[in-house]
Amino acid sequence: MEESSKASDPTNAEQRILELCAQNPDGVSDTMLQQDMPQINAQQRLAALNRLLSLGKLDLLKSPQLGIVYRLKDNLDINSALSSTGDVDEKLVFSIIKESGNKGIWIRDISIKTNVKSTALNKTLKSLETKKLIKSVQSVNANKKKVYMLYDLEPDRSITGGAWYSGKEFESEFVEILNEQCYHFLVQRKEQMDEKFANDPVMRKTSSFVSSKEIRDYIKNLGISRVDLSTEDIETILNTLVFDGKCERSVMTKQNEQIGLYRAVNSVLDPKKGSNLIRLPCGICPLIDNCYIDSIINPQQCVYMKEWLDF
């Protein structure tokens, strides 16, 4: 069964569990985890939980209302670190940053929500960073703009730019290479199916479709990426090919899960010469209004039309 990379990746499962625990300080039950991550089976969920417990990131507790729950172990350390100072500003700022999740919050918004003055706020943020309770992350969306979030959270893709950014630089060359390799894979599949089902146009078309997961595995095996690309990342690249008219997209539903399928198509536009329709001489001829059959100027004797047809 094909599953999304994001669902089956143990690292993503562990990260999501940590995020849920951060959003629920009293802990989360296995039922809550199952409802939030239905794509992850019981074995994968248990493996992720056991790893987080072994790393000391979670505590296993018993709640009167929820039964067995998992709670961030760091919560105990956080409360201890905050209460040891007795600083009201630290507790207030920390709670605001915690609410922002993995998208973080800008210092100006923290100031507005807490009403803490600029000098005191900078001092508070530095103190929380020193204690490794929060961290600042540079946003790719705005120059010199930092957002603050809890120390253990992985920043959202909208903040880091995902796989397409190195620091704040957009990796245009890397994106172009991925674009070429994805298209090459789709063309190869189409040629293989054209040859295999030469007398069956329906099978030629349906068999030339490839799932985004299969393309992701192909790119991974090539070893051209230094980062672990998700199926979502590959679909971003494939969608650019769709917009360029180089491939088409379809969707297959399997066990309540939508799977993206792609196949190469013959582009209407030649990227080097342009469309034949665009190059039709009639489109730019100044005498087109006087051109008709039985006229001195007519399409049968048009030298430009003859050159175009002989091209």
Residue among Gln15, Gln34 that is in a helix (DSSP H, G or I), among the polar types (S, T, N, Q) and modelled with pLDDT of 85 or more: Gln34
Subset tally (residues that are open to solvent by less than 80 Å² (accessible area, probe 1.4 Å) and either without any contact (Cβ under 8 Å) to a residue 40 or more places away in the chain or in contact with a Phe, Trp or Tyr (Cβ under 7 Å, 6 or more places away or on another chain) (or both)) for segment 169-200: 11
Single residue of Ile40, Ile78, Ile96 found to be within 18 Å of Met149 (Cα to Cα), outside any strand (DSSP E or B) and modelled with pLDDT of 80 or more: Ile96
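Can you name every residue in segment 223-252 that is in a loop (DSSP other than H, G, I, E, B) and basic (Lys, Arg)? Steps first, please.
Step one: list which residues in segment 223-252 are in a loop (DSSP other than H, G, I, E, B), which gives 223-230, 244-246.
Arg226, Lys246 - these are the residues of segment 223-252 that are in a loop (DSSP other than H, G, I, E, B) and basic (Lys, Arg).
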Segment 110-156 - residue that is open to solvent by 90 Å² or more (accessible area, probe 1.4 Å) and within 30 Å of Val175 (Cβ to Cβ) and, of those, modelled with the highest pLDDT: Glu154
Residue ID - surrounded by the most Cβ atoms within 10 Å (Cβ to Cβ), chosen from residues in segment 239-274 that are at pLDDT below 75 and among the hydrophobic types (A, V, I, L, M, F, W, C): Leu269
Close pairs from segment 216-235: first aromatic (Phe, Trp, Tyr), partner in a helix (DSSP H, G or I), Cβ under 9 Å, at least 6 apart: Tyr218/Gln181; Tyr218/Cys182; Tyr218/Phe185
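Does segment 275-291 contain at least one residue that is modelled with pLDDT of 85 or more and in a loop (DSSP other than H, G, I, E, B)?
Narrowing segment 275-291 to residues modelled with pLDDT of 85 or more: 291.
In the following step, the residues that additionally are in a loop (DSSP other than H, G, I, E, B) were identified as 291.
Checked against the condition, which is being modelled with pLDDT of 85 or more and in a loop (DSSP other than H, G, I, E, B), segment 275-291 yields at least one hit.
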Checking Arg204 against (1) at pLDDT below 90; (2) under 27 Å from the mean Cα position of the chain (by Cα); (3) assigned to a helix (DSSP H, G or I), the condition it does not meet: (2)
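The values are calculated or read from the model by the stated rules, or taken from the named source; none is laboratory data. Given the structure is predicted, the values throughout are model-derived calculations rather than measurements. Methodologically, a virtual Cβ is constructed for each residue, glycine included, from the backbone with ideal geometry; neighbour enumeration extends over all protein chains shown. Just so you know, the surface numbers come from the protein's heavy atoms only, side chains and all, with ligands and any DNA or RNA stripped out. Shrake-Rupley method; radii C 1.70, N 1.55, O 1.52, S 1.80 Å.
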